[in-house]
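Reading through the C-alpha coordinates given below for one structure.
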Amino acid sequence: MRIRKLNIFIFLIAATLVFSACQKLTQLPQYEYTDANYWTTTANANSLLNEAYSQMFRDDYFFYNEGLSDNAYVGRGDGDNAFTISTGSFTPLTARFDQEWAYHYQGIKSCNILLDNVDRIPNYPAADKAQLIAQTRFIRAFQFWQLMTWFGDVPLFTHDITLAESQTIKRTPRAQVLSWVLSELDTVKTVLPASYDANDQGRATSGAAAALEARVQLYESNWQAVAALCDTLINKTSYGTYSLLSNYAQIFTPAHEHNSEVIMDLEYIPGVRTYSDLFDFIPISVGGRVNAMAPTQELVNDYLMLNGDSINQSGSGYDINNPYVNRDPRMTATIVYDGYTWYNADSSTQIIHTAPGSGTDGYVSNGATSPTGYYLRKYWDPTALSGEISGLNLILIRYADVLLMYAEAKNELGQMDATTWNLTIGALRARAGFTGTATQFNAAWSQADLRNIIRRERRCELAFEGLRIFDIRRWKTAQNVLNGYIHGARYGDPSVDNGFIREPTPLNFDPNRDYLWPVPTFEIQQNPNLTQNPNY
(Lines give C-alpha, C1' and ligand atoms only; values in the text may rest on other atoms or scores of the structure.)
Protein backbone atom coordinates (compact mmCIF):
# COMPACT_ATOMS: atom_id res chain seq x y z
CA MET A 1 0.00 0.00 0.00
CA ARG A 2 1.33 3.39 -0.99
CA ILE A 3 -0.21 5.89 1.37
CA ARG A 4 -2.06 8.78 -0.21
CA LYS A 5 -2.68 12.14 1.37
CA LEU A 6 -6.36 12.73 0.78
CA ASN A 7 -8.47 15.79 1.38
CA ILE A 8 -11.26 14.31 3.43
CA PHE A 9 -13.60 17.04 4.49
CA ILE A 10 -15.64 15.41 7.22
CA PHE A 11 -17.12 16.60 10.44
CA LEU A 12 -16.93 20.24 9.45
CA ILE A 13 -20.39 20.75 10.88
CA ALA A 14 -20.70 24.49 10.51
CA ALA A 15 -19.52 24.40 6.91
CA THR A 16 -21.09 21.25 5.55
CA LEU A 17 -24.51 21.18 7.16
CA VAL A 18 -25.57 24.38 5.45
CA PHE A 19 -28.59 24.19 3.16
CA SER A 20 -29.98 26.71 0.71
CA ALA A 21 -33.49 28.07 1.16
CA CYS A 22 -34.85 25.79 -1.55
CA GLN A 23 -33.55 22.60 0.06
CA LYS A 24 -35.56 20.40 2.41
CA LEU A 25 -33.97 19.86 5.79
CA THR A 26 -33.64 16.14 5.02
CA GLN A 27 -31.71 16.77 1.80
CA LEU A 28 -27.93 16.45 1.96
CA PRO A 29 -25.37 18.40 -0.08
CA GLN A 30 -24.41 16.42 -3.16
CA TYR A 31 -20.78 17.48 -3.54
CA GLU A 32 -19.50 17.61 0.02
CA TYR A 33 -18.89 14.91 2.59
CA THR A 34 -20.80 15.25 5.82
CA ASP A 35 -21.18 13.15 8.91
CA ALA A 36 -24.41 11.85 7.43
CA ASN A 37 -23.14 10.74 4.01
CA TYR A 38 -19.47 9.90 4.57
CA TRP A 39 -20.01 6.57 6.29
CA THR A 40 -21.61 4.87 3.32
CA THR A 41 -18.72 3.04 1.61
CA THR A 42 -15.73 0.97 2.61
CA ALA A 43 -13.63 3.11 0.27
CA ASN A 44 -14.27 6.15 2.46
CA ALA A 45 -13.22 4.23 5.56
CA ASN A 46 -10.01 3.13 3.85
CA SER A 47 -9.33 6.70 2.77
CA LEU A 48 -9.41 7.84 6.38
CA LEU A 49 -7.20 4.90 7.36
CA ASN A 50 -4.70 6.00 4.72
CA GLU A 51 -4.80 9.47 6.20
CA ALA A 52 -4.08 8.01 9.65
CA TYR A 53 -1.08 6.15 8.23
CA SER A 54 0.25 9.37 6.71
CA GLN A 55 -0.03 11.01 10.14
CA MET A 56 2.00 8.36 11.99
CA PHE A 57 5.33 10.15 11.86
CA ARG A 58 7.07 13.06 10.15
CA ASP A 59 10.18 12.88 8.00
CA ASP A 60 11.69 15.95 9.68
CA TYR A 61 11.28 14.36 13.11
CA PHE A 62 12.84 11.15 11.77
CA PHE A 63 16.02 13.01 10.80
CA TYR A 64 16.22 15.95 13.21
CA ASN A 65 15.68 13.72 16.25
CA GLU A 66 19.33 12.76 15.63
CA GLY A 67 20.18 16.40 16.32
CA LEU A 68 18.68 15.99 19.79
CA SER A 69 21.36 13.37 20.50
CA ASP A 70 25.16 13.24 20.34
CA ASN A 71 25.04 11.70 16.85
CA ALA A 72 24.48 14.97 15.01
CA TYR A 73 25.09 18.67 15.43
CA VAL A 74 22.64 21.27 14.16
CA GLY A 75 25.06 24.02 13.24
CA ARG A 76 22.89 26.17 11.03
CA GLY A 77 19.28 27.11 11.64
CA ASP A 78 17.23 25.26 14.21
CA GLY A 79 15.52 22.36 12.45
CA ASP A 80 12.60 21.25 14.62
CA ASN A 81 14.25 23.25 17.42
CA ALA A 82 16.91 20.54 17.72
CA PHE A 83 19.61 23.13 18.45
CA THR A 84 17.46 24.95 21.02
CA ILE A 85 16.54 21.74 22.81
CA SER A 86 19.98 20.07 22.71
CA THR A 87 21.68 23.19 24.07
CA GLY A 88 19.14 23.53 26.88
CA SER A 89 17.91 26.96 25.81
CA PHE A 90 14.28 25.94 25.37
CA THR A 91 11.16 26.84 27.34
CA PRO A 92 7.64 25.37 27.41
CA LEU A 93 6.90 27.92 24.66
CA THR A 94 9.37 26.30 22.23
CA ALA A 95 7.48 25.40 19.08
CA ARG A 96 8.63 21.77 18.80
CA PHE A 97 6.82 20.80 22.00
CA ASP A 98 3.52 22.27 20.86
CA GLN A 99 3.94 20.77 17.38
CA GLU A 100 4.77 17.31 18.72
CA TRP A 101 1.80 17.31 21.09
CA ALA A 102 -0.64 18.59 18.45
CA TYR A 103 0.70 16.33 15.71
CA HIS A 104 0.13 13.10 17.60
CA TYR A 105 -3.28 14.15 18.85
CA GLN A 106 -4.30 15.01 15.29
CA GLY A 107 -3.38 11.47 14.30
CA ILE A 108 -5.28 10.10 17.30
CA LYS A 109 -8.33 12.12 16.25
CA SER A 110 -8.31 10.51 12.80
CA CYS A 111 -8.12 7.07 14.42
CA ASN A 112 -10.88 7.78 16.92
CA ILE A 113 -13.21 9.19 14.27
CA LEU A 114 -12.71 6.06 12.19
CA LEU A 115 -13.21 3.67 15.09
CA ASP A 116 -16.27 5.57 16.35
CA ASN A 117 -18.01 5.40 12.98
CA VAL A 118 -16.86 2.33 11.07
CA ASP A 119 -19.85 0.28 12.27
CA ARG A 120 -22.16 2.69 10.45
CA ILE A 121 -20.95 1.49 7.06
CA PRO A 122 -23.51 -0.94 5.61
CA ASN A 123 -22.55 -4.38 4.37
CA TYR A 124 -18.92 -4.09 5.47
CA PRO A 125 -17.39 -7.61 5.19
CA ALA A 126 -16.57 -8.71 8.73
CA ALA A 127 -13.00 -9.85 8.02
CA ASP A 128 -12.13 -6.65 6.16
CA LYS A 129 -13.59 -4.50 8.91
CA ALA A 130 -11.67 -6.40 11.57
CA GLN A 131 -8.44 -5.76 9.66
CA LEU A 132 -9.17 -2.05 9.31
CA ILE A 133 -9.98 -1.74 13.01
CA ALA A 134 -6.79 -3.58 14.01
CA GLN A 135 -4.64 -1.36 11.80
CA THR A 136 -6.29 1.77 13.20
CA ARG A 137 -5.75 0.61 16.78
CA PHE A 138 -2.09 -0.11 15.98
CA ILE A 139 -1.60 3.44 14.68
CA ARG A 140 -3.41 4.94 17.65
CA ALA A 141 -1.30 2.93 20.12
CA PHE A 142 1.85 4.13 18.34
CA GLN A 143 0.68 7.74 18.68
CA PHE A 144 -0.05 7.49 22.40
CA TRP A 145 3.28 5.73 22.97
CA GLN A 146 5.13 8.57 21.25
CA LEU A 147 3.35 11.08 23.46
CA MET A 148 4.05 9.26 26.74
CA THR A 149 7.69 8.72 25.75
CA TRP A 150 8.26 12.46 25.45
CA PHE A 151 5.79 13.93 27.96
CA GLY A 152 5.07 11.22 30.56
CA ASP A 153 1.48 11.62 31.74
CA VAL A 154 -0.78 12.51 28.79
CA PRO A 155 -4.56 12.56 28.28
CA LEU A 156 -5.72 9.10 27.18
CA PHE A 157 -9.10 8.77 25.49
CA THR A 158 -10.47 6.26 23.03
CA HIS A 159 -13.31 8.16 21.37
CA ASP A 160 -13.42 11.42 19.44
CA ILE A 161 -13.74 14.03 22.15
CA THR A 162 -15.61 17.29 21.80
CA LEU A 163 -14.07 20.75 22.04
CA ALA A 164 -15.56 21.12 25.51
CA GLU A 165 -14.05 17.81 26.62
CA SER A 166 -10.65 18.81 25.25
CA GLN A 167 -10.68 21.86 27.49
CA THR A 168 -11.32 19.91 30.69
CA ILE A 169 -9.59 16.55 30.25
CA LYS A 170 -6.79 15.65 32.65
CA ARG A 171 -3.46 13.93 32.11
CA THR A 172 -3.63 10.16 32.50
CA PRO A 173 -0.82 8.63 34.60
CA ARG A 174 1.98 7.35 32.40
CA ALA A 175 1.74 3.84 33.85
CA GLN A 176 -1.90 3.65 32.80
CA VAL A 177 -1.10 4.84 29.27
CA LEU A 178 1.70 2.28 29.05
CA SER A 179 -0.58 -0.53 30.17
CA TRP A 180 -3.20 0.47 27.60
CA VAL A 181 -0.63 0.70 24.76
CA LEU A 182 0.72 -2.76 25.54
CA SER A 183 -2.78 -4.20 25.76
CA GLU A 184 -3.72 -2.71 22.37
CA LEU A 185 -0.61 -4.07 20.69
CA ASP A 186 -1.05 -7.46 22.33
CA THR A 187 -4.59 -7.61 20.96
CA VAL A 188 -4.02 -6.40 17.41
CA LYS A 189 -1.03 -8.64 16.77
CA THR A 190 -3.42 -11.61 16.94
CA VAL A 191 -5.69 -10.02 14.32
CA LEU A 192 -3.29 -8.45 11.84
CA PRO A 193 -1.88 -10.66 9.08
CA ALA A 194 1.77 -11.61 8.93
CA SER A 195 2.09 -10.10 5.45
CA TYR A 196 0.18 -8.47 2.61
CA ASP A 197 0.30 -8.73 -1.15
CA ALA A 198 2.21 -6.17 -3.21
CA ASN A 199 -0.73 -3.78 -3.42
CA ASP A 200 -0.93 -3.41 0.35
CA GLN A 201 2.74 -3.27 1.32
CA GLY A 202 3.33 -0.81 4.11
CA ARG A 203 0.34 -1.69 6.24
CA ALA A 204 0.79 -2.75 9.85
CA THR A 205 1.37 -6.49 10.21
CA SER A 206 1.34 -8.81 13.20
CA GLY A 207 5.15 -8.65 13.09
CA ALA A 208 5.04 -4.85 13.26
CA ALA A 209 2.76 -5.02 16.30
CA ALA A 210 5.04 -7.56 18.02
CA ALA A 211 8.18 -5.56 17.19
CA LEU A 212 6.63 -2.31 18.40
CA GLU A 213 5.50 -4.05 21.58
CA ALA A 214 9.09 -5.24 22.07
CA ARG A 215 10.36 -1.68 21.62
CA VAL A 216 7.83 -0.34 24.12
CA GLN A 217 8.95 -2.99 26.63
CA LEU A 218 12.59 -2.19 25.84
CA TYR A 219 12.06 1.43 26.81
CA GLU A 220 10.64 0.19 30.11
CA SER A 221 13.55 -2.24 30.73
CA ASN A 222 11.10 -5.13 30.92
CA TRP A 223 13.75 -7.57 29.77
CA GLN A 224 11.81 -10.81 30.04
CA ALA A 225 9.02 -9.44 27.86
CA VAL A 226 11.51 -8.06 25.33
CA ALA A 227 13.31 -11.38 25.09
CA ALA A 228 10.08 -13.33 24.65
CA LEU A 229 8.71 -11.05 21.92
CA CYS A 230 11.99 -10.94 20.02
CA ASP A 231 12.42 -14.70 20.32
CA THR A 232 9.08 -15.14 18.55
CA LEU A 233 10.12 -12.81 15.73
CA ILE A 234 13.53 -14.48 15.38
CA ASN A 235 12.80 -18.16 15.88
CA LYS A 236 9.15 -18.57 14.86
CA THR A 237 7.08 -17.61 11.84
CA SER A 238 3.74 -16.83 13.47
CA TYR A 239 4.36 -13.09 13.07
CA GLY A 240 6.10 -13.27 9.71
CA THR A 241 9.53 -14.20 8.42
CA TYR A 242 12.33 -11.63 8.53
CA SER A 243 16.05 -11.78 7.79
CA LEU A 244 19.05 -9.50 7.41
CA LEU A 245 19.64 -8.11 3.94
CA SER A 246 23.13 -9.20 2.87
CA ASN A 247 24.34 -5.67 2.04
CA TYR A 248 23.95 -3.04 4.77
CA ALA A 249 24.10 0.00 2.49
CA GLN A 250 21.39 -1.36 0.21
CA ILE A 251 18.80 -1.41 3.00
CA PHE A 252 18.24 2.32 2.60
CA THR A 253 17.92 2.53 -1.19
CA PRO A 254 14.90 2.72 -3.54
CA ALA A 255 15.90 -0.53 -5.25
CA HIS A 256 15.49 -2.43 -1.98
CA GLU A 257 12.35 -0.99 -0.46
CA HIS A 258 10.23 -3.54 1.40
CA ASN A 259 13.24 -5.83 1.72
CA SER A 260 13.38 -8.80 4.09
CA GLU A 261 14.59 -6.63 6.95
CA VAL A 262 11.80 -4.05 6.92
CA ILE A 263 9.14 -4.61 9.58
CA MET A 264 7.46 -1.18 9.52
CA ASP A 265 8.19 1.86 7.40
CA LEU A 266 6.80 5.24 6.44
CA GLU A 267 5.55 5.02 2.89
CA TYR A 268 6.38 7.71 0.35
CA ILE A 269 5.63 8.03 -3.36
CA PRO A 270 7.88 9.88 -5.83
CA GLY A 271 6.03 12.95 -7.03
CA VAL A 272 3.10 12.41 -4.68
CA ARG A 273 4.24 12.12 -1.07
CA THR A 274 7.84 13.22 -0.70
CA TYR A 275 10.41 14.89 1.55
CA SER A 276 13.60 16.84 0.89
CA ASP A 277 15.49 16.83 4.21
CA LEU A 278 18.72 15.50 2.70
CA PHE A 279 19.02 18.67 0.60
CA ASP A 280 20.65 20.15 3.72
CA PHE A 281 22.57 17.08 4.92
CA ILE A 282 24.56 15.81 1.91
CA PRO A 283 27.73 17.37 0.41
CA ILE A 284 27.17 20.53 -1.59
CA SER A 285 29.23 19.17 -4.48
CA VAL A 286 26.71 16.38 -5.10
CA GLY A 287 23.60 18.55 -4.93
CA GLY A 288 23.30 19.72 -1.35
CA ARG A 289 22.18 23.25 -0.55
CA VAL A 290 23.82 24.31 2.72
CA ASN A 291 24.53 22.07 5.69
CA ALA A 292 21.95 22.24 8.47
CA MET A 293 22.89 19.11 10.43
CA ALA A 294 26.05 17.03 10.41
CA PRO A 295 27.41 13.83 12.00
CA THR A 296 29.65 14.36 15.02
CA GLN A 297 33.16 13.18 15.83
CA GLU A 298 31.67 11.43 18.85
CA LEU A 299 29.68 9.17 16.53
CA VAL A 300 32.63 8.61 14.19
CA ASN A 301 34.80 7.61 17.15
CA ASP A 302 32.39 4.84 18.13
CA TYR A 303 32.81 2.92 14.88
CA LEU A 304 35.21 0.02 15.47
CA MET A 305 38.29 -0.96 13.53
CA LEU A 306 37.79 -3.92 11.20
CA ASN A 307 39.66 -6.14 13.66
CA GLY A 308 36.95 -5.43 16.24
CA ASP A 309 39.02 -3.09 18.42
CA SER A 310 37.91 0.39 19.39
CA ILE A 311 40.07 3.23 18.07
CA ASN A 312 41.57 3.93 21.50
CA GLN A 313 42.44 0.30 22.19
CA SER A 314 46.12 -0.59 22.24
CA GLY A 315 47.14 -2.40 19.08
CA SER A 316 43.96 -1.49 17.19
CA GLY A 317 45.90 -0.08 14.24
CA TYR A 318 44.07 3.25 14.40
CA ASP A 319 46.02 6.16 12.91
CA ILE A 320 44.79 9.58 13.99
CA ASN A 321 46.32 11.05 10.82
CA ASN A 322 44.56 8.52 8.58
CA PRO A 323 41.47 7.86 10.65
CA TYR A 324 39.01 6.37 8.14
CA VAL A 325 41.04 3.37 7.02
CA ASN A 326 40.08 -0.16 8.13
CA ARG A 327 36.96 1.00 9.95
CA ASP A 328 33.51 -0.53 10.33
CA PRO A 329 32.01 -0.42 6.79
CA ARG A 330 28.74 0.85 8.25
CA MET A 331 30.50 4.16 8.82
CA THR A 332 31.10 4.54 5.08
CA ALA A 333 27.47 3.58 4.39
CA THR A 334 26.32 6.31 6.78
CA ILE A 335 28.84 9.18 6.95
CA VAL A 336 30.79 11.16 4.35
CA TYR A 337 34.35 12.06 5.42
CA ASP A 338 37.44 13.54 3.77
CA GLY A 339 38.54 11.40 0.83
CA TYR A 340 35.15 9.70 0.58
CA THR A 341 34.25 7.96 -2.69
CA TRP A 342 30.74 9.08 -3.60
CA TYR A 343 28.78 6.97 -6.06
CA ASN A 344 26.46 9.07 -8.19
CA ALA A 345 23.10 8.06 -9.64
CA ASP A 346 24.74 7.17 -12.97
CA SER A 347 27.31 4.94 -11.19
CA SER A 348 30.10 7.45 -11.79
CA THR A 349 32.19 8.38 -8.77
CA GLN A 350 33.74 11.48 -7.29
CA ILE A 351 35.96 12.07 -4.30
CA ILE A 352 34.54 14.28 -1.55
CA HIS A 353 37.06 16.54 0.14
CA THR A 354 36.02 18.07 3.47
CA ALA A 355 39.33 19.40 4.79
CA PRO A 356 39.68 23.19 5.07
CA GLY A 357 40.57 24.78 1.74
CA SER A 358 39.80 21.61 -0.22
CA GLY A 359 36.96 23.04 -2.30
CA THR A 360 33.18 23.14 -2.33
CA ASP A 361 32.69 20.84 0.67
CA GLY A 362 35.71 21.97 2.65
CA TYR A 363 35.24 22.96 6.27
CA VAL A 364 34.92 26.69 6.89
CA SER A 365 34.15 28.02 10.35
CA ASN A 366 30.69 29.63 10.24
CA GLY A 367 30.41 28.82 6.54
CA ALA A 368 27.75 27.05 4.47
CA THR A 369 29.54 23.70 4.60
CA SER A 370 29.40 21.09 7.34
CA PRO A 371 30.31 22.50 10.77
CA THR A 372 31.84 19.14 11.72
CA GLY A 373 33.58 18.22 8.47
CA TYR A 374 31.17 15.30 7.97
CA TYR A 375 28.05 14.84 5.85
CA LEU A 376 25.27 12.27 5.67
CA ARG A 377 25.13 9.44 3.13
CA LYS A 378 22.49 7.10 4.59
CA TYR A 379 19.10 7.55 2.92
CA TRP A 380 20.50 9.50 -0.02
CA ASP A 381 18.15 8.76 -2.91
CA PRO A 382 19.78 8.47 -6.36
CA THR A 383 16.32 8.78 -7.94
CA ALA A 384 15.47 12.02 -6.13
CA LEU A 385 14.33 15.04 -8.12
CA SER A 386 16.12 18.38 -8.09
CA GLY A 387 16.33 19.72 -4.55
CA GLU A 388 16.65 16.16 -3.22
CA ILE A 389 12.89 15.66 -3.38
CA SER A 390 12.63 11.99 -2.52
CA GLY A 391 9.96 9.31 -2.37
CA LEU A 392 12.20 6.80 -0.59
CA ASN A 393 10.51 5.06 2.34
CA LEU A 394 11.84 5.70 5.85
CA ILE A 395 12.15 2.60 8.04
CA LEU A 396 10.64 2.81 11.52
CA ILE A 397 11.44 -0.75 12.64
CA ARG A 398 13.76 -3.28 11.02
CA TYR A 399 14.91 -6.77 11.86
CA ALA A 400 18.39 -5.64 12.91
CA ASP A 401 16.77 -3.71 15.76
CA VAL A 402 14.93 -6.86 16.85
CA LEU A 403 18.28 -8.67 17.04
CA LEU A 404 19.79 -5.83 19.03
CA MET A 405 16.82 -5.71 21.41
CA TYR A 406 17.11 -9.46 21.92
CA ALA A 407 20.86 -9.23 22.63
CA GLU A 408 20.35 -6.42 25.13
CA ALA A 409 17.54 -8.23 26.92
CA LYS A 410 19.44 -11.52 27.13
CA ASN A 411 22.49 -9.74 28.51
CA GLU A 412 20.49 -7.83 31.12
CA LEU A 413 18.93 -11.15 32.16
CA GLY A 414 22.41 -12.64 32.50
CA GLN A 415 21.75 -15.05 29.63
CA MET A 416 24.10 -13.86 26.91
CA ASP A 417 26.10 -16.76 25.51
CA ALA A 418 27.84 -17.73 22.28
CA THR A 419 24.61 -18.95 20.68
CA THR A 420 22.77 -15.67 21.33
CA TRP A 421 25.83 -13.67 20.30
CA ASN A 422 26.14 -15.50 16.99
CA LEU A 423 22.44 -14.96 16.31
CA THR A 424 22.60 -11.22 17.07
CA ILE A 425 25.79 -9.14 17.37
CA GLY A 426 27.91 -11.69 15.51
CA ALA A 427 25.43 -11.83 12.64
CA LEU A 428 25.23 -8.02 12.41
CA ARG A 429 29.00 -7.67 12.37
CA ALA A 430 29.40 -10.40 9.77
CA ARG A 431 26.81 -8.69 7.58
CA ALA A 432 28.63 -5.38 8.02
CA GLY A 433 31.89 -6.92 6.76
CA PHE A 434 33.79 -7.88 9.91
CA THR A 435 35.64 -11.19 9.98
CA GLY A 436 37.63 -13.31 12.43
CA THR A 437 37.64 -12.47 16.12
CA ALA A 438 35.55 -9.32 15.55
CA THR A 439 32.50 -11.53 15.02
CA GLN A 440 33.26 -14.04 17.79
CA PHE A 441 31.99 -14.28 21.35
CA ASN A 442 34.50 -13.95 24.19
CA ALA A 443 33.54 -15.88 27.30
CA ALA A 444 35.79 -13.61 29.39
CA TRP A 445 33.54 -10.60 28.81
CA SER A 446 31.59 -9.49 31.86
CA GLN A 447 27.97 -8.39 31.74
CA ALA A 448 29.19 -4.77 31.90
CA ASP A 449 31.59 -5.40 28.99
CA LEU A 450 28.78 -6.84 26.93
CA ARG A 451 26.47 -3.97 27.86
CA ASN A 452 28.99 -1.50 26.44
CA ILE A 453 29.48 -3.63 23.31
CA ILE A 454 25.74 -3.91 22.66
CA ARG A 455 25.12 -0.21 23.24
CA ARG A 456 27.92 0.70 20.84
CA GLU A 457 26.54 -1.76 18.31
CA ARG A 458 23.09 -0.15 18.52
CA ARG A 459 24.60 3.26 17.91
CA CYS A 460 26.58 2.23 14.84
CA GLU A 461 23.99 -0.09 13.29
CA LEU A 462 21.08 2.33 13.76
CA ALA A 463 22.81 5.71 13.32
CA PHE A 464 20.60 8.34 11.68
CA GLU A 465 17.48 6.22 12.04
CA GLY A 466 16.11 8.46 14.79
CA LEU A 467 16.63 6.10 17.75
CA ARG A 468 19.75 7.33 19.54
CA ILE A 469 17.95 10.01 21.58
CA PHE A 470 15.52 7.42 22.95
CA ASP A 471 18.33 5.01 23.80
CA ILE A 472 20.33 7.48 25.84
CA ARG A 473 17.17 8.61 27.61
CA ARG A 474 16.12 5.07 28.59
CA TRP A 475 19.68 4.18 29.64
CA LYS A 476 19.73 7.35 31.75
CA THR A 477 23.05 8.30 30.17
CA ALA A 478 21.82 11.48 28.48
CA GLN A 479 23.39 13.67 31.17
CA ASN A 480 26.75 12.03 30.43
CA VAL A 481 26.76 12.51 26.66
CA LEU A 482 24.60 15.63 26.22
CA ASN A 483 26.57 17.98 28.45
CA GLY A 484 29.63 19.81 27.18
CA TYR A 485 31.04 20.53 23.75
CA ILE A 486 30.36 18.44 20.68
CA HIS A 487 33.16 17.93 18.17
CA GLY A 488 33.95 17.61 14.50
CA ALA A 489 36.90 16.36 12.47
CA ARG A 490 40.50 17.30 13.30
CA TYR A 491 40.36 20.65 11.50
CA GLY A 492 40.33 22.89 14.55
CA ASP A 493 42.80 24.74 16.74
CA PRO A 494 45.56 22.19 17.56
CA SER A 495 45.80 23.59 21.07
CA VAL A 496 42.14 22.87 21.82
CA ASP A 497 40.79 19.32 22.21
CA ASN A 498 43.73 17.82 20.31
CA GLY A 499 42.71 19.73 17.19
CA PHE A 500 39.20 18.32 16.84
CA ILE A 501 36.69 21.03 16.00
CA ARG A 502 34.99 22.23 19.16
CA GLU A 503 31.52 23.46 18.27
CA PRO A 504 30.85 26.88 19.82
CA THR A 505 27.69 26.15 21.82
CA PRO A 506 27.86 23.29 24.33
CA LEU A 507 25.09 20.77 24.80
CA ASN A 508 23.13 21.05 28.03
CA PHE A 509 20.96 18.35 29.59
CA ASP A 510 19.48 18.69 33.09
CA PRO A 511 18.70 15.18 34.44
CA ASN A 512 16.34 16.69 37.03
CA ARG A 513 14.15 18.12 34.27
CA ASP A 514 14.93 17.01 30.74
CA TYR A 515 13.99 13.34 30.79
CA LEU A 516 10.47 14.67 30.24
CA TRP A 517 9.52 17.42 27.85
CA PRO A 518 7.36 20.28 29.14
CA VAL A 519 3.65 20.25 28.45
CA PRO A 520 3.23 23.05 25.86
CA THR A 521 2.20 26.39 27.33
CA PHE A 522 -0.55 26.78 24.73
CA GLU A 523 -2.17 23.50 25.82
CA ILE A 524 -2.18 24.51 29.48
CA GLN A 525 -3.66 27.90 28.56
CA GLN A 526 -6.47 26.13 26.71
CA ASN A 527 -6.99 23.56 29.45
CA PRO A 528 -5.93 24.49 33.01
CA ASN A 529 -6.48 20.87 34.08
CA LEU A 530 -3.24 19.96 32.30
CA THR A 531 -0.46 20.17 34.89
CA GLN A 532 3.16 20.94 34.05
CA ASN A 533 6.07 18.50 34.38
CA PRO A 534 8.56 19.04 37.24
CA ASN A 535 11.06 21.92 37.18
CA TYR A 536 9.55 23.79 34.23
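Per-structure values
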| quantity | calculated |
| --- | --- |
| Filtered residues of the stretch 78-127 (kept if small (Gly, Ala, Ser) and under 22 Å from Ser47 (Cα atoms)) | Ala102, Gly107, Ser110, Ala126, Ala127 |
| Matching residues in the stretch 320-336 - criterion: being within 27 Å of the chain's Cα centre (by Cα), aliphatic (A, V, I, L, M) and not in a strand (DSSP E or B) | Met331, Ala333 |
| Scope the stretch 192-207; condition part of a helix (DSSP H, G or I) and either of a type in the set (D, E, K, R) or open to solvent by 10 Å² or more (accessible area, probe 1.4 Å) (or both); matching residues | Ala198, Asn199, Asp200 |
| Residue among Ala134, Ala130, Ala82 that is in contact (Cβ under 8 Å) with a residue 12 or more places away in the chain and surrounded by fewer than 16 Cβ atoms within 10 Å (Cβ to Cβ) | Ala130 |
| Filtered residue count, the stretch 446-461, keeping only those that are open to solvent by 10 Å² or more (accessible area, probe 1.4 Å) and in contact (Cβ under 8 Å) with a residue 60 or more places away in the chain | 2 |
| Selection status of Gln526, touching a Ser or Thr at 6+ places or on another chain (Cβ under 9 Å) and either touching a residue at least 12 places away in the same chain (Cβ under 8 Å) or open to solvent by 30 Å² or more (accessible area, probe 1.4 Å) (or both) | yes |
| Some residue of the stretch 182-191 being at pLDDT 95 or above, over 22 Å from the mean Cα position of the chain (by Cα) and surrounded by fewer than 14 Cβ atoms within 10 Å (Cβ to Cβ) | yes |
| Residue within the stretch 402-416 that is of a type in the set (S, T, N, Q) and open to solvent by 10 Å² or more (accessible area, probe 1.4 Å) present | yes |
| Within the stretch 392-401, tally of residues that are assigned to a loop (DSSP other than H, G, I, E, B) and either open to solvent by 10 Å² or more (accessible area, probe 1.4 Å) or farther than 30 Å from Ser285 by Cα (or both) | 0 |
| All positions within the stretch 218-228 that are assigned to a helix (DSSP H, G or I) and open to solvent by 20 Å² or more (accessible area, probe 1.4 Å) | Tyr219, Trp223, Gln224, Ala225, Ala228 |
| Top-ranked residue in the stretch 244-257 [being open to solvent by less than 50 Å² (accessible area, probe 1.4 Å) and of a type outside the set (A, V, I, L, M); ranked as farthest from Gly202 (Cα to Cα)] | Tyr248 |
| The one condition in (1) open to solvent by 60 Å² or more (accessible area, probe 1.4 Å); (2) on the phi > 0 side of the Ramachandran plot that Val325 fails to fulfil | (2) |
| Residues of the stretch 311-333 satisfying the condition of being of a type in the set (S, T, N, Q) and within 25 Å of Asn247 (Cβ to Cβ) | Asn326, Thr332 |
| Which listed residue is open to solvent by less than 40 Å² (accessible area, probe 1.4 Å), closer than 21 Å to Leu467 by Cβ and not in a helix (DSSP H, G or I), from Phe62, Phe97, Phe57 | Phe57 |
| Selected residue [in contact with a helix residue (DSSP H, G or I) (Cβ under 6 Å, 6 or more places away or on another chain) and either open to solvent by less than 50 Å² (accessible area, probe 1.4 Å) or not in a helix (DSSP H, G or I) (or both)] from Thr369, Thr341, Thr354, Thr360 | Thr360 |
| Extreme residue, most open to solvent (accessible area, probe 1.4 Å), among residues of the stretch 504-520 that are assigned to a loop (DSSP other than H, G, I, E, B) and aliphatic (A, V, I, L, M) | Leu516 |
| Candidate set from the stretch 151-166 (those that are open to solvent by 20 Å² or more (accessible area, probe 1.4 Å) and assigned to a loop (DSSP other than H, G, I, E, B)); member that is farthest from Gly466 (Cα to Cα) | Thr162 |
| Among the residues listed as Ser316, Ser243, the single one being touching a strand residue (DSSP E or B) at 6+ places or on another chain (Cβ under 6 Å), modelled with pLDDT of 95 or more and farther than 30 Å from Glu388 by Cβ | Ser316 |
| In the stretch 229-242, the residues that are open to solvent by less than 50 Å² (accessible area, probe 1.4 Å) and in a loop (DSSP other than H, G, I, E, B) | Tyr239, Gly240, Tyr242 |
| Subset of the stretch 467-525 that is more than 25 Å from Thr369 (Cα to Cα) and acidic (Asp, Glu) - its residue that is farthest from the chain's Cα centre (by Cα) | Glu523 |
| Condition met for Asp70 (charged (D, E, K, R), modelled with pLDDT of 95 or more and in a loop (DSSP other than H, G, I, E, B)) | yes |
| Filter result for the condition that a residue is over 21 Å from Asp80 (Cβ atoms), modelled with pLDDT of 95 or more and crowded, with 19+ Cβ neighbours inside 10 Å, over Ile472, Ile501 | Ile501 |
| Answer from Asp80, Asp60, Asp70, Asp35 - the residue that is under 18 Å from Arg473 (Cα atoms) and of a type in the set (D, E, K, R) | Asp70 |
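Yes or no, residue by residue, for (1) open to solvent by 10 Å² or more (accessible area, probe 1.4 Å); (2) of a type outside the set (Val, Ile, Thr); (3) at pLDDT 95 or above; (4) not in a loop (DSSP other than H, G, I, E, B):
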position	(1), (2), (3), (4)
Ala102	yes, yes, yes, yes
Leu114	no, yes, yes, yes
Tyr124	yes, yes, yes, no
Arg140	yes, yes, yes, yes
Thr149	yes, no, yes, yes
Thr168	yes, no, yes, no
Val177	no, no, yes, yes
Ala209	no, yes, yes, yes
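The values are calculated or read from the model by the stated rules, or taken from the named source; none is laboratory data. None of the values given here were measured: they were computed from a predicted structure. Quick reminder, even Gly has a Cβ in these numbers, built from the backbone with ideal geometry, and neighbours come from all protein chains shown. To get the accessible areas, we keep the full protein, side chains included, count just its heavy atoms, and leave off ligands, DNA and RNA. Shrake-Rupley method; radii C 1.70, N 1.55, O 1.52, S 1.80 Å.
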